[in-house]
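The values are calculated or read from the model by the stated rules, or taken from the named source; none is laboratory data. Just so it is clear, the structure is predicted and the values come from calculations on it, not from any experiment. Positions of Cβ are backbone-derived with ideal geometry, glycine not excepted, and every protein chain shown enters the neighbour counts. For the accessible areas, the whole protein counts, side chains as well, though only heavy atoms, and no ligand, DNA or RNA atoms are used. Shrake-Rupley method; radii C 1.70, N 1.55, O 1.52, S 1.80 Å.
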Amino acid sequence: MNHSHDKTGKKHINVACIGNPNCGKTTLFNALTGSKLKVANWPGVTVERMEGETSYEETEITLVDTPGIYSLTCYTIEEKVTRKCAMDDDIDAIINVVDASSLERNLYLTLQLLELGKPMVLALNMMDVVKERGMEIDMHRLPEMLGNIPVVPVSAARRTGLDILLHAVIHHCEEGMEDYILDYPPEIETKITTLEAVMQENYPKHSSARWHAIKLLEDDEEVKQEHPVSVVHVVDRSYEKEMIQCKYSYIEKIMKEILFYKNKKAASTDKIDRLLTHPLWGVPVFLLIMCFVFFLTFTVGDALKGVFETGLDLLSGGAAAALKGMGVAGWLESLMVEGIIAGVGGILTFIPNIFILFLALAMLEDSGYMARVAYVMDSVMGRVGLSGKAFLPMILGFGCTVPAIMATRALETEHDRRKTMLVTPFMSCSARLPVYVLFSDMFFPGYEAFAAFSMYIVGMVIAILAALVMNRLEKGEANGSLLIELPEYKRPNARTIRIYVWNKLKDYLTKAGTTIFIASIVIWFVLNFGMGGMVEEPSDSFGAGLGRLLVPVLAPAGLGMWQIAVALLSGISAKEVVVSSFAVLFGVANANSDAGMTAIVDNIHRINPGFGPLNAYCLMLFCLLYVPCVATVATVRKESGSWKFTLKMIAFQLFLAWAVSTVVFQAGSLFLA
């Protein structure tokens, strides 16, 4: 094997981390490289090739993290990404990460990878779970039965065994891979040998001739297209079933020889799952858990936000005094204090609420619970014409819609992907939380958590109903069930939680310093300038003129104020900007403080005395359902490859937001009259 060298003369190798979903592959990648990638307990999170750097002794190593797959037989985009990486000639070695507590399931992919002929090391992850269950793995016999490849026990979460793993990778690269041949029946072996010779004749430099011969016998479409050869007299049908059976028979033989039970005991996971995955109680339990999460988000978050409010008040007052002392122009002082500090600073006061939400979601993910939610919702997804896998990106949408849209790559057909892209934005992302917090605190005192939590329920219900209507119009049938590995419940790993929460907060802060910063300046300008230059009253500004054009459209939904129209327009840049806009619109330094909320409510009532909880709830509904942020729209365009589909999605979501808000307001007005 030839290895490259960097500018310092050090040896450099490229290593791919490949394994089943939920085997701890990305956690191991993080532990080895220090990269801050998202780690979650369901397939589809790692949706594209990610790279990180590490080194051991005199060797520089580029590690490549890949989507989790069960087999090198590919159907989805993420599976194709991993297979392409495994076959890439630039990859010098493979770390096959397996869950030692579910070794039998993991070994099918292992046998396929061995047939590629690349140097490979087996990383036995989660050995602590094996010990907890009272099981024992024969670490001498296992490598013998896998062609004498290195087998290294590691714990990615506890960061143990990592140096031994890297040493084994480098040493195995230098030694090269011994030919590993799984014995198939004589008829199949004869055909493999013949096809291997054909491959070598047509592609003499090909490094995986035997693997390609096997895939030709399995009638693999991608291999036939990439390396066309004449197989008419050799391949008379697909031998895939027989070859799969051979692999599983050998896996069964391996397990009999290498796995021993000292004290076999029922896993506590099964007992817990009797309730959490129950067909009747599973969904109510999920809703209760999420309700508790929002209770914590408001109670604990609101208790902590006082520190941020005090800091913002000091900053705002100090900046105003300093600017006056410097004798700066009045417009510049207004821009700095009422525009930038009020807009950006007001968003930062929601950090405690955002932090609590992310912390709770991270713990639910890392414990293994979120995979259960997807499993429980599988039957619902099938009934409304969505793939069972569709709920995975929808759950991701609770954090951010952008990676959720990207996670639709886990779906097998373009039709399923587009349907899922259409409904995923209805899941309340974290950017909408400040809107819910602000208006729930202002108009639903004592019931803030329930008002905000209802938005998450409404979003899920609307997404499911929209999918159902589309399925009825298409006269479709229920799609296939979700195949998902339910991981063992485990104590959430502190490092994984810290990485997850920090990445989310960093994204939030980055958005505050970029998108929201720019949006706050733009909003200030459109509210302080009109046709004749700078205006005294915002009602004479460009913003007011634009808002008034939309008032007749929004009035049936109870949102007939030009200020609301401007805030909703600004929210297209980022949903948090809706809150920033209200702060700038009403000249409030801190919209999230008690004084700030009182000032906003007083201003709203001065303009529209009839604006009450029903109007506020319809505003929250509109923010939930209307056009997602610009970043999400751009991601939909990129993933769908179609502007036509993207524009249709925008039109659909705008109409739905208006229709639902209007129906709720009109019906609510009848009952409250």
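Local charge for VAL630 was computed over the other residues whose Cβ lies under 11 Å away, with Lys and Arg +1 and Asp and Glu -1, and equals +2.
Protein heavy-atom surface of the chain, 1.4 angstrom probe: 61% of the accessible area is carbon and sulfur, with nucleic acids and ligands not counted.
Rg/Rh for region 407-471 (Cα atoms only, Rh after Kirkwood) is 1.12. Rg/Rh, computed from the Cα trace of region 94-197 with Rh as the Kirkwood radius, has the value 1.03. With a Förster radius of 56 Å applied to the beta-carbon distance between MET145 and SER55, the computed FRET efficiency rounds to 0.95. Determine which residues of region 369-405 fall in the zone a paramagnetic label at HIS278 would reach in this model, i.e. backbone nitrogen under 16 Å from the point 7 Å along Cα→Cβ. Once the point is set 7 Å along Cα→Cβ of HIS278, 373, 376-377 turn out to lie under 16 Å by backbone N, inside region 369-405. Full extension of the chain between GLU226 and ASN202 yields a length gain of 7.4 nm, computed as 0.36 nm times the residue separation minus the alpha carbon distance. The label-point distance for ASP128 and ARG159, in a model that sets each label 7 Å from Cα toward Cβ, rounds to 1.3 nm. For the pair GLU189 and VAL461, the difference between a 0.36 nm per residue extended length and the Cα-Cα distance amounts to 92.5 nm. For region 181-259, averaging the sequence separation of C-alpha pairs within contact (under 8 Å, six or more residues apart) and dividing by the residue count gives a relative contact order of 29 percent. If a paramagnetic tag sat 7 Å from the Cα of GLU474 along the Cα-Cβ line, which residues of region 610-652 would have the backbone N under 19 Å from that point? It comes to 636-652, nothing else.
With a Förster radius of 56 Å applied to the C-beta separation of ASP219 and ILE518, the computed FRET efficiency comes to 0.55.
Database remark: amide H of ASN592 closer than 5 angstrom to no amide H (H placed geometrically; neighbours at sequence offset of 5 or more, or on other chains; Pro and chain starts carry no H).
Normalising the average separation of contacting C-alpha pairs (under 8 angstrom, six or more residues apart) by the number of residues puts the relative contact order of region 546-673 at 28 percent.
Using the Cβ of ALA466 as centre and a radius below 15 Å, the other residues enclosed give a net charge of +3, where K and R count +1 and D and E count -1.
Solvent-accessible surface of the chain, taken per residue with a 1.4 Å probe and all protein chains present: 43 Å². Calculated [222 nm] ellipticity per residue, helices only, for the chain: -19000 deg cm²/dmol; basis is -39500 (n - 2.57) per DSSP H run with n ≥ 4, divided by all residues, nearest 500.
Take the alpha carbon gyration tensor of region 372-426, find the square roots of its eigenvalues, order them as a ≥ b ≥ c, and report rounded if a/c is under 1.5; if not, report prolate when a/b exceeds b/c, else oblate. Taking the square roots of the gyration eigenvalues as a ≥ b ≥ c, region 372-426 is oblate.
Sorting the segments 108-120, 626-638, 645-657 by their residues' average number of neighbouring beta-carbon atoms within 10 angstrom, most packed first, yields 108-120, 626-638, 645-657. Using only side-chain charges placed at the Cβ, +1 for Lys and Arg and -1 for Asp and Glu, the dipole size of the chain relative to its Cα centre rounds to 1580 debye. Which cross-chain or sequence-distant (5 or more) residues have an amide H under 5 Å from the amide H of MET120, H modelled 1.01 Å from N in plane? Placed amide hydrogens put ILE94 under 5 Å from MET120. Karplus-derived 3J(HN,Hα) values for region 98-109, using 6.51 cos²θ - 1.76 cosθ + 1.60 with θ = phi - 60°, are 10, 7, 4, 7, 10, 4, 4, 5, 6, 6, 4, 5 Hz; glycine and proline are entered as x. So which of LYS11/LYS638; LYS118/LYS247; LYS215/LYS256; LYS247/LYS389 end up more than 30 Å apart by C-alpha? Result: LYS11/LYS638 exceed 30 Å. What is the Rg over Rh value, at two decimals, for region 358-402, using alpha-carbon atoms and the Kirkwood definition of Rh? Using only Cα positions, Rg/Rh for region 358-402 is 1.01.
The simple spin-label model puts a point 7 Å past each Cα toward its Cβ; for ALA667 and LEU505 those points are separated by 4.1 nm.
Does region 491-582 come out rounded, prolate or oblate, given a ≥ b ≥ c as the square roots of the eigenvalues of its C-alpha gyration tensor, rounded meaning a/c under 1.5 and, failing that, prolate meaning a/b above b/c? Oblate, because a/c is 1.5 or more while a/b does not exceed b/c.
The modelled label-to-label distance between HIS171 and HIS415, using points 7 Å beyond Cα along the C-beta direction, is 5.4 nm.
For a modelled paramagnetic label at LEU296, 7 Å from Cα along Cα-to-Cβ, no residue of region 376-406 is in reach, as no backbone nitrogen comes under 12 Å. Judged by the ratio a/c of the largest to the smallest principal axis of the C-alpha gyration tensor, region 65-125 counts as oblate, that ratio being 1.5 or greater while a/b is no larger than b/c. Using C-alpha pairs below 8 Å separated by at least 6 residues, the relative contact order for region 576-640 is 15 percent.
Note on the chain: the C-alpha convex hull projects to 35.4 nm² when averaged across all orientations. Length gained on full extension, MET531 to MET255, computed as 0.36 nm times the residue gap minus the Cα-Cα distance: 91.4 nm. For region 559-634, the Kirkwood estimate of the hydrodynamic radius, built from every pair of different alpha carbons, is 12.9 Å.
Compactness of region 340-474 is given as radius of gyration and Dmax, 16.3, 50 Å, from Cα positions.
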